[in-house]
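What follows is calculated from the coordinates using simple rules that are stated; it is not laboratory data. Since this is a predicted model, take the numbers as computed values, not measurements. FYI the Cβ positions are ideal-geometry reconstructions off the backbone, even for glycines, and counts take in every protein chain you see.
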Amino acid sequence: METPLSNSGNPPIKTAHRAPLALSGLDFKLLKVFKAVVEAGGFSAAQNELNVGLAAISKQISDLEIRIGMRLCTRGREGFCLTEEGSLVYQASIDLFASVDNFRDRLSCAQNEIIGDLGVGVIDNTITDVNSPLVAALQRINIESPKVRFRLYASQLDEVERGVVEGRLVAGIVPVYQKREEFDYFKLYDEESAAYCAEGHPLFSVADSAIDAETLKQHEFINHRYAIHQEKSHFAVYDSFSAAASQVEAVAILIKTGRFLGFLPRHYAAALVERGEMRALLPDLVHYSTPFSLILRHNTVRSPLVKAFAQALGVDLKSNG
């Protein structure tokens with residue numbers, strides 16, 4: 001299934017006066033396939049997204065490589081990897097399709113109709129937070145603009161931010177620990193978190209009246225990477241030997257061992273507490289809030305679709321903060 005250019009190691013010689021590429025409808029199709037393969041992480045992984053077989057994808061990438069005269073990727077025992085030219089073509093394809101979407105959006109706006117792909121990244125394990133306006137916003141978009149196609153991705157903070165920066169996502173809904181200059185931030189809501197332990201931990205059966213902040217410091221806390229809060233230092237001590245996790249569910253799993261304390265969003269932990277598997281420790285004292293914001297890439301044109309999405313979230317795009 002390897003492509004001729006991908007494995008030959010001898011792409012066509014690049015002439016100094018190569019004629020400019022005139023894009024056709026077929027070229028757009030091939031570039032879409034290439035973009036999907038890159039974002040899926042390989043040929044096999046792209047099959048479900050493209051709904052075609054491996055042989056067809058391999059041929060289309062081969063056709064694109066021959067069409068533009070560049071080797072775009074290697075695919076073999078060591079896995080899928082972009083060449084330098086492939087990275088350039090991928091970034092150019094993101095800009096190309098963003099421009100096409102913007103053109104289409106402007107025409108649809110003139111026709112009083114919003115269409116297009118709404119690619120949004122959101123942090124995982126937020127579905128149980130009643131303060132999040134995302135579900136209601138998507139419902140509203142679907143009712144008012146049924147031709148909009150949702151592309152929703154749940155991932156870690158850095159993955160969502162990278163998707164927005166690279167243009168693969170038009171927006172992200174993320175916790176804000178520190179602001180980055182690449183984004184414009186629009187406040188949505190606050191997520192409340194507290195400290196928890198699970199059955200089997202020495203503090204699980206101890207009454208809150210017999211516990212204080214100093215008591216908590218005597219027990220090991222899970223270092224939840226990304227979740228950077230100054231308030232934690234009042235209750236927890238971290239060092240290089242501390243257990244660490246990057247996602248909410250990973251923190252919860254470590255807490256459930258009964259060996260560690262950890263901070264979890266109250267909405268996420270509620271079901272575990274109700275089942276008697278966990279308990280909050282000094283919840284009126286030991287807690288913190290995390291602001292969640294809509295993020296958009298800084299200094300980019302806001303399409304009618306993005307504006308409609310922001311409005312459905314209750315966001316005023318003129319109030320960046």
If I model a spin label at R259 and F204 as a point 7 Å from the Cα along the Cα→Cβ vector, what separation in nanometres do I get? 1.5 nm
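Counting Lys +1, Arg +1, Asp -1, Glu -1, what net charge surrounds G258 among other residues with beta carbon under 11 Å of its beta carbon?
On the way: positive: K256, R259; negative: E199, E277.
Cβ neighbours under 11 Å give a net charge of 0.
If you take the beta carbon distance between N51 and E84 as r and set R0 to 30 Å, what does 1/(1 + (r/R0)^6) give as a FRET efficiency, to the nearest 0.05?
Values: r = 30 Å, r/R0 = 1.00.
Computed FRET efficiency for N51 and E84 comes out at 0.50.
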So what's the gap between the Cα centers of region 191-205 and region 132-161, to the nearest angstrom? 33 Å
Point-to-point label distance, H287-V273, nm (Cα→Cβ direction, 7 Å offset): 0.8 nm
Percent antiparallel among DSSP beta bridges (both partners in region 190-290, rounded to 5): 80 percent
Could you order the peptides 181-189, 291-299 from most to least packed, using the average number of other C-beta atoms within 10 Å per residue? 291-299, 181-189
The FRET efficiency for F28 and V135, from their Cβ-Cβ distance with R0 = 41 Å and rounded to 0.05, is 0.80
For N223, what residues show an amide H to amide H distance below 5 Å, using hydrogens built from the backbone and excluding near sequence neighbours? A243, A244, A245
Past the 31 Å Cα-Cα mark, which pairs from K179/K232; K187/K217; K256/K307? K187/K217; K256/K307
Return the distance in nm (one decimal) between the two label points of a simple spin-label model at E144 and D212, each offset 7 Å from Cα along Cα→Cβ. 5.4 nm
Taking Rh as the Kirkwood radius computed over C-alpha pairs, what is the Stokes-Einstein D of region 19-103 at 25 °C in a medium of viscosity 0.890 mPa s, expressed in µm² per second? 187 µm²/s
Whole-angstrom Cα spans of region 239-321 along principal axes, big to small: 50, 32, 23
Ratio of the Cα radius of gyration of region 190-290 to 2.2 N^0.38 Å, where N counts its residues: 0.95
Inter-centroid distance (Cα atoms) of region 50-101 relative to region 250-321, Å: 36 Å
Pairwise FRET efficiency - D117 versus R67, Cβ, R0 = 25 Å, nearest 0.05: 0.55
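Kirkwood Rh over alpha-carbon pairs of the chain, then Stokes-Einstein at 37 °C and 0.692 mPa s: what D in µm² s⁻¹, rounded to an integer? Intermediate results must be reported in sequence, preceding the final value.
Details: Rh = 22.7 Å.
In µm²/s, the coefficient rounds to 144.
Among 250-258, 42-50, 118-126, what's the highest-first ranking by average C-beta atoms within 10 angstrom per residue? Present the calculation step by step, with values, prior to reporting the outcome.
On the way: 250-258: 19.1, 42-50: 15.8, 118-126: 20.7.
Per-residue mean Cβ counts within 10 Å order the peptides as 118-126, 250-258, 42-50.
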